[in-house]
There are 2 protein chains.
Amino acid sequence: MSYPYYNQDLHGPYETHNIGTLTLEEGGALRDCHLAYATFGKLNKAKSNAVLITTWYSGTSKIMEQAYVGAGRALDPAKYFIIIVNQIGNGLSTSPHNAAYPANGADFPKVTIGDDVRAQHQLLTEKFGIERLALVMGGSMGAQQTYEWAVRYPDMVERAAPIAGTAKITDHDVLYNQSLCEAITSDPAFKGGRYANGTDVAEGLKRHARIWGVMGWSTEFYQQRRFEALGMVSAQDFIDSFMGGYFGLMDPNDLLCMAWKWRHADVTRHTGGDLKAALKRITAKTFVMPIDTDMFFPPADCRREQKLIKGSELRVIKSVDGHFALLGADPGYVPQIDGHLRELLAKQ
Amino acid sequence: MSYPYYNQDLHGPYETHNIGTLTLEEGGALRDCHLAYATFGKLNKAKSNAVLITTWYSGTSKIMEQAYVGAGRALDPAKYFIIIVNQIGNGLSTSPHNAAYPANGADFPKVTIGDDVRAQHQLLTEKFGIERLALVMGGSMGAQQTYEWAVRYPDMVERAAPIAGTAKITDHDVLYNQSLCEAITSDPAFKGGRYANGTDVAEGLKRHARIWGVMGWSTEFYQQRRFEALGMVSAQDFIDSFMGGYFGLMDPNDLLCMAWKWRHADVTRHTGGDLKAALKRITAKTFVMPIDTDMFFPPADCRREQKLIKGSELRVIKSVDGHFALLGADPGYVPQIDGHLRELLAKQ
């Protein structure tokens, strides 16, 4: 399968590192597992200025760079060595569509957030010799990875900034996630994942994009016709051109790999189901940052967890862009994020 | 097609009235259009105590009776003559599954909220000689009908109580509605509406039920495991047994008929697209009652319209049950509704 989407032109420059065989939590393994990553700035001699940025569902290192990294920003390459690692399944790192037979496509094994974090740990330690991270941050599934880092490797994570995500998946989120997956898998052209080309599943991908349109933004986003600021002339145009155009280029099995991982994100795997015990492991200085209009990672769900993290603070971001405020398209979003990150990074 | 769902045993007692041929706003007509309705109490001599209750998507007169009518309630049959009219397409009134050839099933014509309200008007005037309604009330699509009544027949509606619904459909609601429809129509067994039996479309109906599960309740409903109060042991059980069990017995074309109507609800059809002018026509004493956790008819959308209705008041209902608080399963819901309705009915 060839995709016009997953390449250096659109998402680069990025490098890849082969971590060898990654043993998976759910059984099986990923052979020749490679992680695609992009770095900005320089690692100082003390190796004390490393920042890890994780990626969300369908996101790549490029959007994280564009929305969160830059001169004069909180995450300034002049000050920090910033590593953005593409999650497994996102199309740049090892994913169903680019894996080798026989573990590719519909036969790609189930990968967990924990698998991603162990793979990232291997990359950071063996490639860069990093033993301590000044900050781990990410949004949505990136927040799930951030929590996993802080719980799994508490001694390595100095600060954590999970944005618009939870440490343990909620019942509501599972339902939402299942609806997204069903939109794709119900398409007869999906053929149980054994389609010839991802674009064969166009109808399913369109339905998936529409459901994202319902839950990903906010009701106020539509009332205020915020889609016009994104160059769209109507809500219908926004769904067809912006949302549909975005997801329509992606590989269905890649999306489903990430969706499965998202739906099973749960730091209580470390503590036999005990959320309190899992979050108690966190020693990182932590700012929990939900977005006030988020329809599926709402502030209340984030606050519930934040209260269990010692010394943490809840910093609610205000935006009418809902969950997708993460993209940074709302000009009011960036100063808030940068303000909180600056404050967090200043904490000793 | 025979359905175990649409009958007197489950939804009765109700009566039917044939209003003859209903000319439709979108073109075409419904022949032998019958409305199923239930009445409670007695119409007084002055015919001044009539209350009209409308129905929501998939709802029938039975749930409206159970949730809103009763001795000691605001809508007490000892005091009011209460008429609950089933909307066209809900399976009891004329609907795709029970209409006569050739305008049945997939060939059932498009019906609007305005068509429903004109049909209800004919029932009330020709069957009961009612010329004035002490109150029109309804939730969700019932609120859409309530607004249509107050705008179309302002002299006839003394008071209006639209709960959890808007006068003009929003962009966000259209997307949500389309996602629900696509969940059904994407099922190959749907066959463009030309299935042999509604249960053939079981997979599509299940997906439709799950999306309702995502948007119909609230994130707090799931966090607080409110589904346990409904006899369900888990969120999955709730979706499979409660939500799936509810919609699984219904006719797909009936649901799609109502969904189309819902998606096109718009009182500005009377005023060339001018919402301010349309709502200015309302002379009814009006309480606009959104539910605070409603994910698709949120308070902000309702408030925007309420401000355009002269002398109206916004009364926000508090419940963790989201949009489905309408069902009255939250014990805190009923006293709030009854309190507001009593106050509204006391207004002279």
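The values are calculated or read from the model by the stated rules, or taken from the named source; none is laboratory data. Keep in mind it's a predicted model, so treat the numbers as computed, not measured. Every residue, glycine as well, gets a Cβ built from its backbone with ideal geometry; the counts of neighbours run over all protein chains shown. Just so you know, the surface numbers come from the protein's heavy atoms only, side chains and all, with ligands and any DNA or RNA stripped out. Shrake-Rupley method; radii C 1.70, N 1.55, O 1.52, S 1.80 Å.
Quick test of your reading of the structure: B:PRO162 fulfils all but one of (1) more than 14 Å from chain A (Cβ to nearest Cβ); (2) over 18 Å from the mean Cα position of the chain (by Cα); (3) outside any helix (DSSP H, G or I); (4) not polar (S, T, N, Q). Name the failing condition by number. Of (1) more than 14 Å from chain A (Cβ to nearest Cβ); (2) over 18 Å from the mean Cα position of the chain (by Cα); (3) outside any helix (DSSP H, G or I); (4) not polar (S, T, N, Q), only one is false for B:PRO162: (2). Condition (residue is open to solvent by 10 Å² or more (accessible area, probe 1.4 Å), modelled with pLDDT of 95 or more and within 20 Å of B:GLY59 (Cα to Cα)) applied to the range B:267-277: is it met by at least one residue? Checked the range B:267-277: no residue is open to solvent by 10 Å² or more (accessible area, probe 1.4 Å), modelled with pLDDT of 95 or more and within 20 Å of B:GLY59 (Cα to Cα).
The residues on offer are A:TRP217, A:TRP262, and the sole one that is within 14 Å of chain B (Cβ to nearest Cβ), touching a residue at least 12 places away in the same chain (Cβ under 8 Å) and surrounded by 18 or more Cβ atoms within 10 Å (Cβ to Cβ) is A:TRP217.
Of the set (1) touching a helix residue (DSSP H, G or I) at 6+ places or on another chain (Cβ under 9 Å); (2) modelled with pLDDT of 95 or more; (3) more than 19 Å from A:ASN177 (Cα to Cα), all apply to B:GLN224 but (1). Residue count for the range A:266-294 satisfying the condition of being touching a residue at least 12 places away in the same chain (Cβ under 8 Å), out of contact with any Lys or Arg (no Cβ under 7 Å at 6 or more places or on another chain) and small (Gly, Ala, Ser): 1. When the residues of the range A:205-214 are filtered to those that are touching a Gly at 6+ places or on another chain (Cβ under 9 Å) and open to solvent by 10 Å² or more (accessible area, probe 1.4 Å), the one that is nearest to the other protein chains (Cβ to nearest Cβ) is A:ARG210. If you take the residues of the range B:165-176 that are part of a helix (DSSP H, G or I) and surrounded by fewer than 20 Cβ atoms within 10 Å (Cβ to Cβ), which of them is farthest from the chain's Cα centre (by Cα)? The qualifying residue farthest from the chain's Cα centre (by Cα) is B:ASP171. Within the range B:290-302, the set of residues being within 11 Å of chain A (Cβ to nearest Cβ) and either of a type in the set (Val, Ile, Thr) or over 19 Å from the mean Cα position of the chain (by Cα) (or both) comprises B:THR293, B:ALA300. Taking the criterion of being assigned to a helix (DSSP H, G or I), facing another protein chain (nearest Cβ under 7 Å) and open to solvent by 10 Å² or more (accessible area, probe 1.4 Å), the residues of the range A:179-194 that qualify are A:GLU182, A:PRO188. Taking every residue in the range A:92-106 that is farther than 12 Å from A:MET250 by Cβ and in a loop (DSSP other than H, G, I, E, B) and pairing it with any residue that is of a type in the set (Gly, Ala, Ser) and modelled with pLDDT of 95 or more, at least 6 positions away or on another chain, the pairs with Cβ-Cβ distances below 6 Å are A:SER93/A:ALA36.
Going by what's in this entry, would A:TYR147 be described as aromatic (Phe, Trp, Tyr), touching a residue at least 12 places away in the same chain (Cβ under 8 Å) and not in a helix (DSSP H, G or I)? So A:TYR147 does not fit the description; no. When residues in the range A:228-255 are screened for being away from every other protein chain (no Cβ under 14 Å) and in a loop (DSSP other than H, G, I, E, B), 5 of them pass. Selection of the range A:75-86 for residues being open to solvent by less than 10 Å² (accessible area, probe 1.4 Å) and more than 16 Å from A:GLN8 (Cα to Cα) yields A:LEU75, A:ILE82, A:ILE83.
Filtering the range A:315-327 to residues that are buried (at least 24 other Cβ atoms within 10 Å of the Cβ) and over 18 Å from the mean Cα position of the chain (by Cα) leaves only A:SER319. Is it fair to say B:ASP330 is open to solvent by less than 20 Å² (accessible area, probe 1.4 Å), within 29 Å of B:GLU220 (Cα to Cα) and in a loop (DSSP other than H, G, I, E, B)? No, not satisfied.
Quick one: is A:PHE287 surrounded by 21 or more Cβ atoms within 10 Å (Cβ to Cβ), hydrophobic (A, V, I, L, M, F, W, C), within 12 Å of chain B (Cβ to nearest Cβ) and in contact with an Asp or Glu (Cβ under 7 Å, 6 or more places away or on another chain)? Taking the combined requirement at face value, the residue does not satisfy it. Filtered by the rule that a residue be surrounded by 20 or more Cβ atoms within 10 Å (Cβ to Cβ) and among the small types (Gly, Ala, Ser), the range B:106-133 gives B:GLY114, B:ALA119.
Say whether the condition of being over 23 Å from B:ASP76 (Cα atoms), part of a helix (DSSP H, G or I) and open to solvent by 50 Å² or more (accessible area, probe 1.4 Å) is met by at least one residue in the range B:299-314. Yes, because at least one residue in the range B:299-314 is over 23 Å from B:ASP76 (Cα atoms), part of a helix (DSSP H, G or I) and open to solvent by 50 Å² or more (accessible area, probe 1.4 Å).
Residues that are under 18 Å from B:TRP262 (Cα atoms) and outside any strand (DSSP E or B) are absent from the range B:122-134.
Among residues of the range B:70-91 that are on the phi > 0 side of the Ramachandran plot and in a loop (DSSP other than H, G, I, E, B), those with a Cβ under 9 angstrom from a residue that is open to solvent by 30 Å² or more (accessible area, probe 1.4 Å) and polar (S, T, N, Q), sequence gap 6+ or separate chain, pair up as B:GLY91/B:ASN98.
So that you can scan it fast, the table gives a plain yes or no per residue for (1) in a loop (DSSP other than H, G, I, E, B); (2) of a type in the set (Phe, Trp, Tyr); (3) more than 19 Å from the chain's Cα centre (by Cα):
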| position | (1), (2), (3) |
| --- | --- |
| B:LEU10 | no, no, no |
| B:GLY27 | yes, no, yes |
| B:ASP32 | yes, no, yes |
| B:LEU35 | no, no, no |
| B:THR39 | no, no, no |
| B:LYS45 | yes, no, yes |
| B:SER58 | yes, no, no |
| B:LYS62 | no, no, no |
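Looking at B:ARG304, B:ARG263, B:ARG281, just one residue is charged (D, E, K, R) and within 30 Å of B:TYR6 (Cβ to Cβ), and that residue is B:ARG263. When A:ALA229 is tested against (1) open to solvent by 10 Å² or more (accessible area, probe 1.4 Å); (2) in contact with a helix residue (DSSP H, G or I) (Cβ under 7 Å, 6 or more places away or on another chain); (3) over 27 Å from A:ALA103 (Cα atoms), exactly one condition is not met: (2).
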